[in-house]
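Bear in mind that the values in this text are calculations on the coordinates, not laboratory data. Here the structure is a predicted model, which is why all the values come from computation and not from measurement. Reconstructed Cβ throughout: ideal geometry from the backbone, glycine too, with neighbour counts over all protein chains shown.
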Amino acid sequence: MPYWAFPRPAVIERHVPVLALSREVGQLSALKRSLALYRLVFGRPRQDDLVSLLAEIDDQSILDELRIDLSPEPDQSDVPPAAGSR
């Protein structure tokens, strides 16, 4: 909500009405997962949804593949020259 339309801090909350003993109770987690994937595809993931989606992955190799390494490249002055090069 724009700051000029609402004078104090506003928070958007999602509420899903679920009736007791309905089949929708079991489908809520699948709905949240598909929403997180949908938003991820369009480049607009919510951080909490993305973290919960990644927490479901048990295979460490998949998580390693998804990880972005932001560490700096080694400084070229620290690397000794190769043998035979000048």
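Some points to look at:
- 15 Å beta-carbon shell around Arg46, net charge (K/R +1, D/E -1): +2
- Chain lengthening between Arg39 and Ser71 when straightened (0.36 nm per residue, less Cα-Cα): 8.8 nm
- Packing-based order for 47-56, 67-76, using average beta carbon neighbours within 10 Å, highest first: 47-56, 67-76
- Normalised by 2.2 N^0.38 Å, with N the number of residues, the alpha-carbon radius of gyration of the stretch 24-66 equals 1.22.
- Using 0.36 nm per residue and subtracting the Cα-Cα separation, the extra length available between Ser29 and Val16 on full extension is 3.6 nm.
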